[in-house]
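Sharing a structure, written as structure tokens. Questions coming.
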Amino acid sequence: IVGGCVSKAHSWPWQISLRTSSGIHFCGGTLVHPQWVVTAAHCLERSKRPSAYKVLLGVHTERANEASKQDRNLEKLILGPNGADIALLKLQTPAIMNDKVLPVCLPEKDFVVPSGTECYVTGWGETQGTGGEGILKETGFPVIENKICNRPSYLNGRVKDHEMCAGNIEGGTDSCQGDSGGPLVCHSQNRYILQGVTSWGLGCANAMKPGVYARVSKFVDWIDTTIKAN
Amino acid sequence: SGNETDSYTKTEGAWILSLQKTQYSVNTVAECAAKCDAETIWTCRSFLYIEKDQDCWTAAANSKTEMILRRSSAALYEKKVYLQECVNGIGTDYRGTKSKSKTGKICQRWDAKYPHRPNFTPSEHPRADLESNFCRNPDADSGGPWCYTTDSNTRWENCDVPSCTEECIHCSGENYRGKISTTENAYTCQRWDSQKPHNHGYNPSALPEKYLEENYCRNPDGDPKPWCFTTSPSKRWDFCSIPRCTSEPPTIVPELSCATGEGELYRGTISVTESGKQCQSWSVQTPWKHNRSPDNYPCKGLDSNYCRNPDNERMPWCYTTNTETRWEYCKVPSCGDAAGPDEPVIPVEEEDCYEGDGTSYRGVTTESISGKRCQRWSAMTPHSHKKTPQAFPQADLRRNLCRNPDGDRAPWCYTTDPSVRWEYCNLEKCVNKPSGGATPTQSSNPLVPTPDSAQKDCKTGKGDTYRGVTSITVLGVTCQAWRAQSPQQHNSFTPQTHPTKGLEGNSCRNPDGDVNGPWCYTTDRNKKWDYCQIPDCAGMSCGTPVTKPKRCFGR
């Protein structure tokens, strides 16, 4: 996360760290069910084998030396439909729900977050010198309608319907490398709802280059049916 | 029937002071509207209705002439005809405030005898609202509203008031409220409240200030002119071709040496960015190609290369002549506020809850209790007000953050919904915070997420569906049974009038969707009704962290 701030410990209890089997963090993810994590498909390019990865839950630092840590191997990797940058990870055993590990809510099918809604991203990714390395950071910014985001001076038509943009027009804060797969959540009716999965951007935190996120509401049916079928 | 208030504009949470005002006790809002319509001694332009108290005040003033105040549970209804600044037909019903004739002459007051002795006077035509020196049409002149002028050589002249049905735009059409629904390439517009064929983020209920009605062309996002999503699956959106108005654009009072709020009125000559780069002239396309041209934004003062804010940015800016930097903000002094209240928020460690009455709350919540987005404190639309950062420098009125600048009982904000002036914020009081401000240590007790806690004595959101058993108000007074008529007499909310609202016994309920949560009539003769303190069910299900996030926002 570039800009933003260091989060309060365990205040985003659905955030997971996706790691190599040797324990190196490389992507984020979001707990949506005790045994299922949503992440970005591009985070799984290095291997198709579940054994190549593991998931850490209940941690605040990248070192992950907290007593609340839960360590899970993966049973399945399931990539999203039509090449979309979203994937589901099935944990070998369900995570234990407590005050430090809790799933996020999923949105209604096809819900579009209104333009200007303030949402939040979290992760242990690149900070570009803005501080907080190694500790879960957060930042907030408004959702930008695809019509604006696809203007020539922004992302010039690159954003698809199943993606969404969010960021500050003047830059300075954004998600970045290592945050991929992690959550973009928006607060609504006293709960946080997973609206985006960190996907791509043109650099990080550049003016008029907001971050792009997989639009979760377009994949709710896929998530439900995949979990039920597996 | 609900039709009685159709000719009124409603604003919740609003109150107006008026020298001419009459109080009535009524049973319904329709009865209150009827009282206003029946006023004969003076012209009733608005009324105030307090549903829980069944209290009705008719008033001669409206929001065009008087400051609106905040008042919990009150709603201001204003007659639309007295708010319109345009004419229907020849304008005999025009009650606007234009006071210049079509050649720019200042109108003579209708009650004045000089320089012209009038044939039409307020006393002889009491129903014509010949007030002040506003243009009127008491004699059904075919040229529309007119006035006697202050020019002794011109007795009277028509006023050239724009037509309400004229389909045209001023500026970039940000305020266009017309009914054109076909684009310049002949596509039919998609309804704004529909997500088919195009899924989109311009939801009318989430963006009430944008007036996204039916499938009419609108400009909610600072484009050069109104547009709409189209009903063609292959064309997501298209501009609409709406002619420019021939009447005068809205007048502004330019700010020449400093900027208020977001600086949209700044018309000064600073032409250097905050990092010292020279600005590019708005009318040229090098080194940066753009559409913020004087032609596209004719009312934004895009002269020369001066810093401006034509598109709802945070402050005045410009494209730069530096080929590495497309645009940058300018450092325009803020009028009367050296501290710069709208600087980016610096994240700080805070609990997102408030102590006492919340005067000291400095958290980051920007949402009202019913989920409405807060209006920026420095903005005057959709609600004009006096709670500005300049007027309350100690209150930290940054951005659109919930605050309590005036010693109310909790943090609040003006909302971006034109029909709801203000609301308390979606915040709870801090409880049992240990000294030293440390976050309480949480045990890792298993917590099984449950879908909702409808059966528990807690509420979700506003508590509309609360069916718990709490029957004591915040001040410790016992609630009166909903079916009882003593000590409080009432007929707005009974088990008969609201059979689905759970008005059983004397338990607190929220039958009217009050944004501050469940309430009840009280057994205290001196307090007709009051709120109840019902804990929130948050923390029991998905997306509700036990440790509340900081929600730091911005750079």
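The values are calculated or read from the model by the stated rules, or taken from the named source; none is laboratory data. Remember, it's a predicted structure, so these values are computed and weren't measured experimentally. Every residue, glycine among them, receives a Cβ derived from its backbone with ideal geometry; neighbour counts consider all protein chains shown.
Hey, could you check segment A:108-144 for residues that are touching a His at 6+ places or on another chain (Cβ under 8 Å) and assigned to a loop (DSSP other than H, G, I, E, B) and say which is farthest from the other protein chains (Cβ to nearest Cβ)?
That would be A:Trp124.
Results for (1) acidic (Asp, Glu); (2) over 23 Å from B:Thr416 (Cα atoms); (3) within 14 Å of another protein chain (Cβ to nearest Cβ), shown as yes or no for each residue.
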position: B:Pro115; (1), (2), (3): no, yes, no
position: B:Asn119; (1), (2), (3): no, yes, no
position: B:Pro126; (1), (2), (3): no, yes, no
position: B:Glu157; (1), (2), (3): yes, yes, no
position: B:Pro197; (1), (2), (3): no, yes, yes
position: B:His200; (1), (2), (3): no, no, yes
position: B:Leu207; (1), (2), (3): no, no, yes
position: B:Glu213; (1), (2), (3): yes, no, no
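While we're on this one: Collect the residues in segment A:1-19 that are hydroxyl-bearing (Ser, Thr, Tyr) and either under 17 Å from A:Ala41 (Cβ atoms) or within 10 Å of chain B (Cβ to nearest Cβ) (or both), keeping them in residue-number order.
A:Ser7, A:Ser11
Let me ask something else about it. As an exercise: evaluate B:Pro499 against (1) surrounded by 15 or more Cβ atoms within 10 Å (Cβ to Cβ); (2) at pLDDT 85 or above and give the number of the one condition it does not meet.
Among (1) surrounded by 15 or more Cβ atoms within 10 Å (Cβ to Cβ); (2) at pLDDT 85 or above, B:Pro499 violates only (1).
Do you know which residues across segment A:42-71 are among the polar types (S, T, N, Q) and in a strand (DSSP E or B)?
Passing the criteria: A:Thr61, A:Gln70.
Quick one: which strands (runs of 3 or more DSSP E) sit completely within segment B:1-106 and have at least 3 residues that are touching a residue at least 40 places away in the same chain (Cβ under 8 Å)?
Hits in segment B:1-106: B:8-16, B:68-79.
Let me ask something else. Report, by residue number, each residue of segment B:205-239 that is small (Gly, Ala, Ser), more than 17 Å from the chain's Cα centre (by Cα) and modelled with pLDDT under 95.
The answer is B:Gly222, and nothing else.
Given the structure, is A:Gln35 surrounded by fewer than 23 Cβ atoms within 10 Å (Cβ to Cβ) and in contact (Cβ under 8 Å) with a residue 60 or more places away in the chain?
yes
Search segment B:108-130 for residues being over 18 Å from B:Ala140 (Cα atoms) and touching a residue at least 40 places away in the same chain (Cβ under 8 Å), and hand back the single one that is farthest from the chain's Cα centre (by Cα).
Filtering first and then ranking leaves B:His116.
Inside segment A:79-107, can you point out the residues that are within 11 Å of chain B (Cβ to nearest Cβ) and among the polar types (S, T, N, Q)?
Listed by number, the list holds a single entry, A:Asn98.
Going through segment B:537-549 one residue at a time, which ones are modelled with pLDDT under 70 and facing chain A (nearest Cβ under 7 Å)?
Answer for segment B:537-549, where residues must be modelled with pLDDT under 70 and facing chain A (nearest Cβ under 7 Å): just B:Ala538.
Here is a follow-up. Return only the number of the condition from (1) within 14 Å of chain A (Cβ to nearest Cβ); (2) modelled with pLDDT of 90 or more; (3) more than 33 Å from the chain's Cα centre (by Cα) that B:Asp417 does not satisfy.
Condition (3) is where B:Asp417 drops out.
Continuing with the same structure: A:Asp71 - would you say it is over 20 Å from A:Asn230 (Cβ atoms), touching a strand residue (DSSP E or B) at 6+ places or on another chain (Cβ under 8 Å) and among the charged types (D, E, K, R)?
yes
Just the residues that are in a loop (DSSP other than H, G, I, E, B) and small (Gly, Ala, Ser), please, taken from segment B:159-174.
Across segment B:159-174, the qualifying residues are B:Ser172, B:Gly173.
Which count do you get for residues in segment A:183-214 that are away from every other protein chain (no Cβ under 12 Å) and either of a type in the set (Val, Ile, Thr) or within 21 Å of A:Gly171 (Cβ to Cβ) (or both)?
14
Here's something else I'd like to know. Of all residues in segment A:76-93, how many are closer than 21 Å to A:Gly23 by Cβ and either touching a residue at least 40 places away in the same chain (Cβ under 8 Å) or in a loop (DSSP other than H, G, I, E, B) (or both)?
Matching residues across segment A:76-93 total 7.
I'm trying to understand the selection: among the residues of segment A:206-230, which are at pLDDT 95 or above and small (Gly, Ala, Ser)?
Result: A:Gly211, A:Ala214, A:Ser217, A:Ala229.
Given the criterion hydrophobic (A, V, I, L, M, F, W, C) and loosely packed, with under 14 Cβ neighbours inside 10 Å, identify the matching residue among B:Leu256, B:Leu302, B:Leu265.
Within the list B:Leu256, B:Leu302, B:Leu265, the selection yields B:Leu256.
Kindly check whether there is at least one residue in segment A:104-114 that is buried (at least 23 other Cβ atoms within 10 Å of the Cβ), basic (Lys, Arg) and farther than 26 Å from B:Arg314 by Cβ.
no
Moving on to the next point. Here is a list: A:Asp179, A:Asp161, A:Asp174. Which entry is under 24 Å from A:Val104 (Cα atoms), facing chain B (nearest Cβ under 8 Å) and either buried (at least 23 other Cβ atoms within 10 Å of the Cβ) or in contact with a helix residue (DSSP H, G or I) (Cβ under 9 Å, 6 or more places away or on another chain) (or both)?
A:Asp161
When the residues of segment A:145-158 are filtered to those that are more than 7 Å from every other protein chain (Cβ to nearest Cβ) and among the charged types (D, E, K, R), which remaining residue is surrounded by the fewest Cβ atoms within 10 Å (Cβ to Cβ)?
A:Arg158
Filter segment B:1-29 down to the residues that are exposed (fewer than 15 other Cβ atoms within 10 Å of the Cβ) and within 16 Å of B:Glu51 (Cα to Cα) and list them by number.
B:Gly2, B:Gln23, B:Ser25, B:Asn27
So which residues in segment B:127-158 are in a strand (DSSP E or B) and polar (S, T, N, Q)?
The answer is B:Thr149, B:Asn158.
Something else now. How many residues are assigned to a loop (DSSP other than H, G, I, E, B) and under 19 Å from A:Ser68 (Cα atoms) when one looks only at segment A:6-41?
Result for segment A:6-41: 12.
Separate question: Only one of these is over 30 Å from B:Cys299 (Cα atoms), assigned to a loop (DSSP other than H, G, I, E, B) and aromatic (Phe, Trp, Tyr): B:Trp110, B:Trp192. Name it.
When all the criteria are applied, what remains is B:Trp110.
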